[in-house]
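The values are calculated or read from the model by the stated rules, or taken from the named source; none is laboratory data. Treat the numbers as computed from the prediction; the structure is a model and nothing was measured. Cβ sites come from the backbone with ideal geometry, for glycine too, and all protein chains shown count toward neighbours. Heavy atoms of the whole protein, side chains included, go into the accessibility calculation; ligands, DNA and RNA do not. Shrake-Rupley method; radii C 1.70, N 1.55, O 1.52, S 1.80 Å.
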Amino acid sequence: MEWKSSSMLLFPVQIIFYTLKALFRMLLPSKRRDLRGEVVLITGGGRGIGRHLAREFAAQGAHKLILWGRTEKCLKETCEEISLSGTECHYFLCDVGNREEVYQQAKLVREKVGDVTILVNNAAVVHGKSLMDSDDDALLKSQHINTLGQFWTTKAFLPRMLELQHGHVVCINSILSLSSIPGAIDYCTSKASSLAFMESLTLGLLDCPGVACTTVLPFHTNTEMFQGMRVRFPQLFPPLRPELVAQRTVDAVRTNTAFVYLPWTMRLLVILKSFMPQCALEEIHRFTGSYSCMNTFKGRT
Ligand SMILES: NC(=O)c1ccc[n+]([C@@H]2O[C@H](COP(=O)([O-])OP(=O)(O)OC[C@H]3O[C@@H](n4cnc5c(N)ncnc54)[C@H](OP(=O)(O)O)[C@@H]3O)[C@@H](O)[C@H]2O)c1
């Protein structure tokens, strides 16, 4: 009983301490982890943000890189570029939406390259249509790739990280997981469940020494994924450069940061959503153009 009351008293002190510590960390340069010796696997590593992640992990000294994807041409190109820069790189054809293929390719990776110590779940697709205009199979495909794919890759590589007491699971999520838009219902749903997956995993690994998670929530980024999408004030809300997303992601891994909003101002969305009435939020969506930004969407052509 005595223990309970003292820990009750300690609890608010701890909360204040950790909040101040986090604020302090934002102001002062943090200690960065050395990536030498790390074996990094990036799903969707052949192009877009994935290709920039491969470049950045290599530039920051990762020991080996493994790229997964479905299109051999871009995987090979990226792999050759990374190898030329002096970092060992391998690629494997793997559809992350196919559970059996993920387990088979993970086994092959372990045999041919070794234990993966940083897993980056980056692969995703967007169908870009409303619910009624969407083909059922296309809707299923986004959930299989964007959400369930992460279940299979994490199940394939996390057990060994736990054994080694050394590992990191990274998820390239999206700000759309917190604030959905019409016309991308498949994508927003998959990203919201992927965020729940990462929140649960991050908390679940709290008592596992040496193993941690990072979730990155970027705003619209200049790749082929959302080609054609138009926001109303592009000068005010310019798309992010994929290089920047990659740099901030690798830095978050090195500083062991759990959640990263890109840009950080996107945190305001969460605050606004927590207290504003729905009719006011709807006006914000109309005014900023997020309500209609998918009308011009073309996607990957
Ligand atoms: N672009 C944005 O505005 C934006 C904003 C926020 C977050 N994000 C997120 O950032 C991540 C990367 O997106 P991006 O912009 O770089 O898009 P992208 O250029 O379309 O790249 C997507 C990558 O995922 C791979 N991929 C797709 N389906 C796959 C599957 N079934 N199995 C394995 N790999 C698969 C693709 O390779 P293959 O086609 O060869 O398989 C490609 O390498 C995604 O998670 C996305 O949701 C993007």
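A few points about this structure:
- Among the residues making up region 76-96, those that are among the acidic types (D, E) and either out of contact with any strand residue (DSSP E or B) (no Cβ under 8 Å at 6 or more places or on another chain) or more than 12 Å from I66 (Cβ to Cβ) (or both) are E77, E80, E81, D95.
- As a summary of the residue check, A138 satisfies the conditions (1) within 27 Å of R267 (Cβ to Cβ); (2) in contact with a His (Cβ under 6 Å, 6 or more places away or on another chain) except for the one numbered (1).
- Subset of region 137-164 that is more than 11 Å from the ligand (Cβ to nearest atom) and touching a strand residue (DSSP E or B) at 6+ places or on another chain (Cβ under 7 Å) - its residue that is farthest from V109 (Cα to Cα): L162
- Selection status of L269, closer than 23 Å to C293 by Cβ, open to solvent by 50 Å² or more (accessible area, probe 1.4 Å) and touching a helix residue (DSSP H, G or I) at 6+ places or on another chain (Cβ under 8 Å): yes
- The listed residue being farther than 20 Å from R47 by Cα, open to solvent by 40 Å² or more (accessible area, probe 1.4 Å) and either within 12 Å of the ligand (Cβ to nearest atom) or modelled with pLDDT of 95 or more (or both), out of R232, R254: R254
- Every condition in (1) more than 12 Å from the chain's Cα centre (by Cα); (2) part of a helix (DSSP H, G or I) holds for M198 except the one numbered (1).
- Within the set S130, S134, the sole residue that is part of a loop (DSSP other than H, G, I, E, B), more than 14 Å from the ligand (Cβ to nearest atom) and open to solvent by 30 Å² or more (accessible area, probe 1.4 Å) turns out to be S130.
- Residue list for region 52-68, filter: touching a residue at least 40 places away in the same chain (Cβ under 8 Å) and not aromatic (F, W, Y): H52, L53, R55, E56, Q60, A62, K64, I66
- Test: residue in region 172-187 that is modelled with pLDDT of 95 or more and within 23 Å of A106 (Cα to Cα): yes
- Of the strands (runs of 3 or more DSSP E) that lie entirely inside region 1-116, not one contains 2 or more residues that are open to solvent by 90 Å² or more (accessible area, probe 1.4 Å) and either away from the ligand (no atom under 16 Å from the Cβ) or at pLDDT 95 or above (or both).
- If you go through region 165-183 and keep only what is part of a loop (DSSP other than H, G, I, E, B), within 17 Å of E282 (Cβ to Cβ) and open to solvent by less than 30 Å² (accessible area, probe 1.4 Å), you end up with S179, I181, G183.
- Residue within region 241-249 that is among the β-branched types (V, I, T), more than 10 Å from the ligand (Cβ to nearest atom) and either open to solvent by less than 20 Å² (accessible area, probe 1.4 Å) or not in a loop (DSSP other than H, G, I, E, B) (or both) present: no
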